[in-house]
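Accompanying notes for the structure given below.
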Amino acid sequence: MPPTYLVCPTAVVEAPVETVWQLLTYFAGWGDFYDVRVLSVEPSGRAVVGQRMRGESGPRWLRLGICFEHTLVDNTHTTNSSSRAGSHWG
C-alpha cells in the first residue's frame, strides 16, 4: 500500500508523493482541485517562502476572499502556509 497522509479535511490520495508535491506547491493550479478561483500569485511559479496566492471561494453571490502565504518550503516535502479569509485583506 502506498504511503498516505491525512489532514483535515481528510482525503486519501493514491499518487506518488512527487505528484502531490507538485500540485500543492503550485498555487496557480489550486483552482483545478480546490473550490477556489485563483486571482493572483506573487511571485509566480513554484512555491517559495513569501509567495502569496489571493483568491475567492464560495458562490458568486457570496464570495469569500482568501489569501495563502508560504512560510516554509524545503526539499523534504514540507511546506507551511499561513492563511486569511474575509472580504478584504491588507
* the range 47-90: number of residues that are modelled with pLDDT under 90 and in a loop (DSSP other than H, G, I, E, B) -> 13
* Any chance Tyr34 is surrounded by 13 or more Cβ atoms within 10 Å (Cβ to Cβ), at pLDDT 90 or above and of a type in the set (Phe, Trp, Tyr) -> no
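Return the residues of the range 22-47 that are of a type in the set (Asp, Glu) and more than 17 Å from Cys67 (Cβ to Cβ); say none if nothing qualifies. Full working, then the answer.
In the first step, residues of the range 22-47 are kept if they are of a type in the set (Asp, Glu); the result is 32, 35, 42.
Selection gives Asp32 alone.
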* To do: Quick one: Gly29 ticks every box in (1) surrounded by fewer than 16 Cβ atoms within 10 Å (Cβ to Cβ); (2) in a loop (DSSP other than H, G, I, E, B); (3) not basic (Lys, Arg) except a single one, so which number is it?
  => (2)
* Under 7 Å between Cβ atoms, at least 6 apart or on separate chains: pull out the pairs that start in the range 55-70 with a residue that is under 20 Å from Glu42 (Cα atoms) and touching a residue at least 60 places away in the same chain (Cβ under 8 Å) and end on any residue that is small (Gly, Ala, Ser) and part of a strand (DSSP E or B). => none
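The values are calculated or read from the model by the stated rules, or taken from the named source; none is laboratory data. Note that the coordinates shown come from a computational prediction; the quantities given were computed from them, not determined experimentally. Ideal geometry is used to build each Cβ from the backbone, glycine not excepted, and the neighbour counts take in all protein chains shown.
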